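A.B. asks: Once you've had a glance at the structure underneath, I'll fire off some questions.
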Amino acid sequence: MTTTTHVLGYPRIGKQRELKFALEKYWRSEIDQDALQAVGSALRENSWQTQSELSFVAAGDFAWYDHVLTTSLLLGHVPKRHRQGEIDLDTLFRIGRGKSQCSCAGFAASDMTKWFNTNYHYIVPEFSADDEFSLAWPQLFEEVKQALDLGHKVKPVLLGPLSYLYLGKEVEPSFERLSLLPRLLPVYQQILTKLHQLGVTWVQTDEPILALDLDARWLDAFKPAYQAIDCGLKILLTTYFDAIDSVFERIVELNVDGIHIDLSAAEHPLPALVKALPEHWVLSAGVVNGRNVWRANLNEKLAQLGDIKALLGERLWIASSCSLLHSPVDLELERDLTPETRSWFAFAKQKVAEVALLGRALDGDEAAIHACHQYSQPIIERGSAEHVNKPNVQQRVNRISAAMAERSAPYSERAAHQAEVLKLPLLPTTTIGSFPQTGEIRLQRSAYRSGKLSQADYQQAIKGHIQDAVARQEALDLDVLVHGEAERNDMVEYFAEHLAGFQTTQFGWVQSYGSRCVKPAIVVADIEREQPITVEWSRYAQSLTAKKMKGMLTGPVTILCWTFPREDISRQTITEQLALALRDEVADLQQAGIEIIQIDEPAIREGLPLKVSQHQAYLDWAVRAFKIAAGSAAPQTQIHTHMCYSEFNEIIESVAALDADVITIETSRSNMELLQAFEEFNYPNAIGPGVYDIHSPNIPQVEWIEGLVEKAARKIPLQRLWVNPDCGLKTRTWPETEAALTNLVLAAKSLRRKYAQSA
Ligand code: GLN
Ligand code: ZN
């Protein structure tokens, strides 16, 4: 009676990011398609080898760019502008990346958006009323064959028809993409039939949208859809990232053979679900968290699943909670971790071993049960370790008072104070923080990190870049200056490296989109600021100029969202610890004579839970954390915040509740449309709507900027408007930056003259 074990997918980038490097070489025409194919093939072989101790290996989870895009090709569903000739690998890259850098209208890449609440981004399918589908792209079948030929027992992975439609968007007015379902299902039927012919028995069909708050039309569509794709194959319907118990009674009506639930993302009433489970269904228990780096407490899992195993027997499967795509590949590569820290982690490869071990233990294998106990020890010991759970930090968090989360005066009073001390002109100009990260800066940082450049020399070099940035901003005649963030590789990693309680890794990469990977830091213990982090850089920058220098911090919610959190305390508590550390930094910056401080929160919206019913609770603690950080600022200190990649409409109330004196936001790509929300809400404080898109190398013209500011001025009173780009400038070159900012300053000055005359 062996327990079936599997994972929902495996990282495709390779442990040394082999896929990234091969893709980028291929795109630069340095290798041909055969060479690229060989890399992909070797990566798959490797990941199957790793999974070979499980009951199945996953196939069809590999993607050259993104699995939703692969699904589009499989279904012969290519955006109209990219349909020329046969579908091939280059079609796929054109949809993902656009035809050329200029993304000229006809060949623009498809949109990319976040995959549920992860930091992975997928290519959004584009639907039109006359779309047809057909089996067009053999990758899935070839990969299944490859795995079978290697002797593996294969479970193909397929994005389900409803999630595929749901995750796309209509590119034509007045039709609904759900209406395409009847045309889509026959192709799914063909796919399953073909997999059946290959000798496959089980197919994993991902329908993660079942964990969202689906409206009735979508939910109702499931039953007939799964009725229509009946083909003798067994279907494991997989859900992940949140609970599904509220729709379970609908799920059990479906014509499938089992359900996978994510037991690490949310609590599920397991006994009740088991009771409601159809008699012939399997239950795949996603107990090993696929989207974090923590070693599982297998003791706990054994205890949790023991009774269920007794009830279900072979019908209980053990799995990762979701695809391991969201976790780094292999812990073995890490050289710099202490033995203790290492014993807390499990990356994808180690998580596969956890699933296998847990399966054997549930089967009653004594050695495996013993191994589970041994394996769980470090995690259990961690729970009572004082260097992890620090009494002083916990005490401080417990003592956060309501007053600490409020500024000491209301906005109107603060604004009056600030006007007096800051003496800024109408329509003040500023930038968002970073200036070009030149090759020189990057070289110096890597020399410093590898020990080739001494700390003193590195700091001297950074001072040189700050001097340069200040001189250029003075020459441009900007009103509020920044130091340029030359000392930061990344806005989150920098703070993670300077706060106690974080661990960074050498190879902990996860795919973000296409060939892009990120290496999030890990929160390993209670977070404390042991000494000031940014104060010396800001003080130095301020010493170089008579203009106001803006201090630059990353907000608590953004640090949380872009790191791997702990699993033993809540996201809220981690964020509060961060907020207290930043609060001290704000106080020290102020003490050092910095009168304007920006606390960036670009990620605040993406932290929203998947279920709408949980939004408000999250927003409440997220806003409170920001306010705790800002709360040490005196009334005359001006607090800025910055947000981008955001649709603010649905969270505008919370954006206002942050009570920042100034918010700079990304609006230029939507042509100031976004300001609508601020106007309708009667947003009370000052706003700097970004007047040009920093992601584009194009230089905005003076008249164009003036036009945008005037458009903004029709929605927001002039006295509360700032003029700035829509995000940081680190990815641009200096010539582009200076040309754009020259025009930005000219536009602000010309408008000031115009408004002075009309006053
Ligand atoms: N201050 C940061 C910068 O300018 C903000 C970056 C961001 O919003 N993502 O780079
Ligand atoms: Zn930004």
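A.B. asks: Of the numbered conditions (1) more than 16 Å from ligand 1 (Cβ to nearest atom); (2) among the hydrophobic types (A, V, I, L, M, F, W, C); (3) surrounded by 22 or more Cβ atoms within 10 Å (Cβ to Cβ), residue 713 satisfies every one except a single condition; which is it?
C.D. replies: (3)
A.B. asks: Only one of 237, 273, 283 is in contact with an Asp or Glu (Cβ under 7 Å, 6 or more places away or on another chain), of a type outside the set (D, E, K, R), assigned to a strand (DSSP E or B) and open to solvent by less than 20 Å² (accessible area, probe 1.4 Å); which? Steps first, please.
C.D. replies: On the way: 273 fails: assigned to a strand (DSSP E or B); 283 fails: in contact with an Asp or Glu (Cβ under 7 Å, 6 or more places away or on another chain).
Exactly one residue qualifies, and that residue is 237.
A.B. asks: Then there's this: Which one of these does residue 682 not meet: (1) at pLDDT 95 or above; (2) open to solvent by 10 Å² or more (accessible area, probe 1.4 Å)?
C.D. replies: (1)
A.B. asks: Run down 572, 598, 577, 591 and say which single residue is of a type in the set (S, T, N, Q) and within 15 Å of ligand 1 (Cβ to nearest atom). If you could, list the steps in order and put the result at the bottom.
C.D. replies: Values: 572 fails: within 15 Å of ligand 1 (Cβ to nearest atom); 577 fails: within 15 Å of ligand 1 (Cβ to nearest atom); 591 fails: within 15 Å of ligand 1 (Cβ to nearest atom).
Just one listed residue meets the conditions, 598.
A.B. asks: Taking region 1-58, which residues are open to solvent by 40 Å² or more (accessible area, probe 1.4 Å), over 16 Å from residue 347 (Cα atoms) and among the charged types (D, E, K, R)?
C.D. replies: Residues satisfying the conditions are 18, 24, 25, 28, 30, 32, 34, 45, 53.
A.B. asks: Related question: If you take the residues of region 716-734 that are open to solvent by less than 50 Å² (accessible area, probe 1.4 Å) and of a type in the set (D, E, K, R), which of them is farthest from ligand 1 (Cβ to nearest atom)?
C.D. replies: Looking only at region 716-734, we keep the residues that are open to solvent by less than 50 Å² (accessible area, probe 1.4 Å), and these are 716, 718, 721-729, 732, 734.
Narrowing the set further to residues that are of a type in the set (D, E, K, R) leaves 726, 732.
Working: 726: 9, 732: 11 Å.
Only one residue fits best here, namely 732.
A.B. asks: Restricting to region 240-262, name every residue that is open to solvent by 30 Å² or more (accessible area, probe 1.4 Å) and not polar (S, T, N, Q).
C.D. replies: 245, 249, 250, 252, 253, 257, listed by residue number.
A.B. asks: Which condition number does residue 662 fail, the rest of (1) in contact with a Phe, Trp or Tyr (Cβ under 8 Å, 6 or more places away or on another chain); (2) at pLDDT 95 or above; (3) open to solvent by 10 Å² or more (accessible area, probe 1.4 Å) being met?
C.D. replies: Of the numbered conditions (1) in contact with a Phe, Trp or Tyr (Cβ under 8 Å, 6 or more places away or on another chain); (2) at pLDDT 95 or above; (3) open to solvent by 10 Å² or more (accessible area, probe 1.4 Å), the odd one out for residue 662 is (3).
A.B. asks: Tell me, which residue of region 366-406 that is part of a helix (DSSP H, G or I) and among the polar types (S, T, N, Q) is farthest from the chain's Cα centre (by Cα)?
C.D. replies: 374
A.B. asks: Just name the residue that is nearest to residue 624 (Cα to Cα) out of those in region 541-557 that are away from ligand 1 (no atom under 13 Å from the Cβ) and not hydroxyl-bearing (Ser, Thr, Tyr). Don't jump to the end; show me each part of the working.
C.D. replies: Looking only at region 541-557, we keep the residues that are away from ligand 1 (no atom under 13 Å from the Cβ), and these are 541-549, 556.
Of the ones still in play, those that are also not hydroxyl-bearing (Ser, Thr, Tyr) are 541-542, 544, 546-549, 556.
Values: 541: 30, 542: 30, 544: 35, 546: 34, 547: 31, 548: 28, 549: 26, 556: 10 Å.
Checked region 541-557; the qualifying residue nearest to residue 624 (Cα to Cα) is 556.
A.B. asks: Identify the single condition in (1) assigned to a loop (DSSP other than H, G, I, E, B); (2) touching a helix residue (DSSP H, G or I) at 6+ places or on another chain (Cβ under 6 Å) that residue 705 does not satisfy, given that it satisfies every other one.
C.D. replies: Here residue 705 clears every test but (1).
A.B. asks: Exactly one of (1) more than 29 Å from the chain's Cα centre (by Cα); (2) within 25 Å of residue 727 (Cα to Cα) is unmet by residue 414. Its number?
C.D. replies: Residue 414 satisfies all of (1) more than 29 Å from the chain's Cα centre (by Cα); (2) within 25 Å of residue 727 (Cα to Cα) except (2).
A.B. asks: Would you check which residues across region 372-415 are without any contact (Cβ under 8 Å) to a residue 60 or more places away in the chain and open to solvent by less than 60 Å² (accessible area, probe 1.4 Å) and list them?
C.D. replies: Within region 372-415, 385, 401 qualify.
A.B. asks: Also, quick follow-up: Do we have any residue at all in region 416-425 that's open to solvent by 10 Å² or more (accessible area, probe 1.4 Å) and within 16 Å of ligand 2 (Cβ to nearest atom)?
C.D. replies: Checked region 416-425: no residue is open to solvent by 10 Å² or more (accessible area, probe 1.4 Å) and within 16 Å of ligand 2 (Cβ to nearest atom).
A.B. asks: Restricting to region 416-444, and then to whatever is of a type in the set (S, T, N, Q) and outside any helix (DSSP H, G or I), can you tell me which residue is nearest to ligand 1 (Cβ to nearest atom)?
C.D. replies: Step one: filter region 416-444 for residues of a type in the set (S, T, N, Q), giving 418, 429-431, 434, 437-438, 444.
From what is left, the residues that are outside any helix (DSSP H, G or I) are 429-431, 434, 437-438.
Values: 429: 15, 430: 11, 431: 7, 434: 3, 437: 9, 438: 14 Å.
This residue is 434.
A.B. asks: Among the strands (runs of 3 or more DSSP E) confined wholly to region 445-547, which include 1 or more residues that are open to solvent by 10 Å² or more (accessible area, probe 1.4 Å)? Give the steps one after another, and end with the answer.
C.D. replies: Details: elements: 480-482, 500-503, 510-513, 516-518, 522-528.
Strands (runs of 3 or more DSSP E) meeting the threshold: 500-503, 510-513, 516-518, 522-528.
A.B. asks: Would you mind listing the helices (runs of 4 or more DSSP H) fully within region 1-89 where at least 1 residues are within 22 Å of residue 124 (Cβ to Cβ) and out of contact with any Cys (no Cβ under 6 Å at 6 or more places or on another chain)? Lay out the reasoning, then the answer.
C.D. replies: On the way: elements: 18-27, 33-51, 67-74.
Correct list: 18-27, 67-74.
A.B. asks: Would you be able to say whether some residue in region 718-726 is away from ligand 2 (no atom under 14 Å from the Cβ), without any contact (Cβ under 8 Å) to a residue 60 or more places away in the chain and of a type in the set (A, V, I, L, M, F, W, C)? Full working, then the answer.
C.D. replies: Kept after step one, since they are away from ligand 2 (no atom under 14 Å from the Cβ), are these residues of region 718-726: 718-723.
Filter once more, so that each one left must be without any contact (Cβ under 8 Å) to a residue 60 or more places away in the chain: 720.
Filter once more, so that each one left must be of a type in the set (A, V, I, L, M, F, W, C): none.
Looking through region 718-726, none of the residues is away from ligand 2 (no atom under 14 Å from the Cβ), without any contact (Cβ under 8 Å) to a residue 60 or more places away in the chain and of a type in the set (A, V, I, L, M, F, W, C).
A.B. asks: Check whether at least one residue in region 524-534 is aliphatic (A, V, I, L, M) and in contact with a Ser or Thr (Cβ under 7 Å, 6 or more places away or on another chain), and report yes or no. Steps first, answer last, please.
C.D. replies: Applying the first criterion (aliphatic (A, V, I, L, M)) to region 524-534 yields 524-525, 527, 533.
When the remaining residues are screened for being in contact with a Ser or Thr (Cβ under 7 Å, 6 or more places away or on another chain), the result is 524.
Within region 524-534 (the criterion being aliphatic (A, V, I, L, M) and in contact with a Ser or Thr (Cβ under 7 Å, 6 or more places away or on another chain)), the answer is yes, since at least one residue qualifies.
A.B. asks: Still on this structure, I have one more. Counting only residues that are within 19 Å of the chain's Cα centre (by Cα) and small (Gly, Ala, Ser), how many does region 108-127 have?
C.D. replies: Initial filter on region 108-127 (within 19 Å of the chain's Cα centre (by Cα)): 110-124.
Retained after the next criterion (residues that are small (Gly, Ala, Ser)): 110.
Qualifying residue count, region 108-127: 1.
Yes/no matrix, rows are residues, columns are (1) more than 30 Å from residue 61 (Cα to Cα); (2) more than 16 Å from ligand 2 (Cβ to nearest atom); (3) at pLDDT below 95; (4) not aromatic (Phe, Trp, Tyr):
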site	(1), (2), (3), (4)
510	no, yes, no, yes
543	yes, yes, no, yes
552	yes, no, no, yes
579	yes, yes, no, yes
606	no, no, yes, yes
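A.B. asks: Of all residues being surrounded by fewer than 21 Cβ atoms within 10 Å (Cβ to Cβ) and within 19 Å of the chain's Cα centre (by Cα) in region 640-649, which is nearest to ligand 1 (Cβ to nearest atom)? Just the residue, please. Steps first, please.
C.D. replies: Step one: list which residues in region 640-649 are surrounded by fewer than 21 Cβ atoms within 10 Å (Cβ to Cβ), which gives 645-647, 649.
Within this subset, residues satisfying the condition of being within 19 Å of the chain's Cα centre (by Cα) are 645-647.
Working: 645: 8, 646: 10, 647: 15 Å.
So, considering only residues that are surrounded by fewer than 21 Cβ atoms within 10 Å (Cβ to Cβ) and within 19 Å of the chain's Cα centre (by Cα), the one nearest to ligand 1 (Cβ to nearest atom) is 645.
A.B. asks: Can you name the residue in region 675-700 that is within 15 Å of ligand 1 (Cβ to nearest atom) and touching a helix residue (DSSP H, G or I) at 6+ places or on another chain (Cβ under 9 Å) and, of all such residues, is farthest from residue 595 (Cα to Cα)?
C.D. replies: Filtering first and then ranking leaves 695.
The values are calculated or read from the model by the stated rules, or taken from the named source; none is laboratory data. Keep in mind the model is a prediction, meaning the values are calculated, not measured. Note that each Cβ is placed from the backbone with ideal geometry, even for glycine, and that neighbours are counted across all protein chains shown. For accessibility, only protein heavy atoms count, side chains too; no ligands or nucleic acids. Shrake-Rupley method; radii C 1.70, N 1.55, O 1.52, S 1.80 Å.
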